[in-house]
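Engineer: Right, I'll just put the structure down here and ask away after.
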Amino acid sequence: MALSSLTAQVAGGIGQTVGAYYQAEGERTALKLRARMNEVNARIAEGQARDVLLRGERAQQSAMMGAAQLKSRQRAAIAASGLQLGSETAAALQTSTDYLSELDVNQIKANALREAWGYRMEGTSLRGAAAVERATARGISPAGAAFSTLLTSAGQVAGSYATFKAAGMLGGSTMRGGPR
């Protein structure tokens, strides 16, 4: 009975050792995979930042064209109303249009820069997470985990062996080295 119990403990310890190895290997592989995915996502975020900036430039150009068209319509309306294009009223109207147009263009640019900055910060964060995951993966040793589990299991088996031996369950004497 004691021998079969020790045999089962040894088999269980071997199973735990193998399990610890593959669990550590799985954790390491998962961390490396997450690091790669974070790098991919960081590249996607950088692409999104570039796309936002490009769309911002197009929106700025569109706003400037719209302002130029508005100014042309204003000039035509001023001329059609009989006012001199060089008059103070016409100049004030055109200056106001230029000012508001410049505000719109600057707001479009600022919005694009802020959005691109957000994507770039996301990319930076993802690259940082990837570095941490790679470092964590390097710190995982499947062999070390297996060895640690093997030592723990061996200690448990040795303790059981000593207990069974002292109880005379393995066919040895319990009085060895004791008083006679």
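The values are calculated or read from the model by the stated rules, or taken from the named source; none is laboratory data. Keep in mind that this is a model prediction, so the values were computed, not measured. Virtual Cβ from ideal backbone geometry, glycine too; neighbours counted across all protein chains shown. SASA here: full protein model, heavy atoms, side chains in, ligands and nucleic acids out. Shrake-Rupley method; radii C 1.70, N 1.55, O 1.52, S 1.80 Å.
Residues checked against (1) open to solvent by less than 50 Å² (accessible area, probe 1.4 Å); (2) under 30 Å from G15 (Cβ atoms); (3) at pLDDT below 95:
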| position | (1), (2), (3) |
| --- | --- |
| A92 | no, no, yes |
| Y99 | no, no, no |
| R114 | no, no, no |
| E122 | no, no, no |
| S148 | no, yes, yes |
| S160 | yes, yes, yes |
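Engineer: Next up: Six or more apart or on different chains, Cβ under 8 Å: which pairs go from a residue in region 35-58 that's open to solvent by less than 70 Å² (accessible area, probe 1.4 Å) to one that's β-branched (V, I, T)? Could you list them?
Structural biologist: A42/T124; G56/I108
Engineer: Would you check which residues across region 59-87 are among the charged types (D, E, K, R) and either touching a residue at least 12 places away in the same chain (Cβ under 8 Å) or in contact with a Lys or Arg (Cβ under 8 Å, 6 or more places away or on another chain) (or both) and list them?
Structural biologist: Those that are among the charged types (D, E, K, R) and either touching a residue at least 12 places away in the same chain (Cβ under 8 Å) or in contact with a Lys or Arg (Cβ under 8 Å, 6 or more places away or on another chain) (or both): K71, R75.
Engineer: Another question, then. Determine, yes or no, whether T7 is β-branched (V, I, T), open to solvent by less than 60 Å² (accessible area, probe 1.4 Å), part of a helix (DSSP H, G or I) and under 30 Å from K165 (Cα atoms).
Structural biologist: For T7, the condition - β-branched (V, I, T), open to solvent by less than 60 Å² (accessible area, probe 1.4 Å), part of a helix (DSSP H, G or I) and under 30 Å from K165 (Cα atoms) - is not met.
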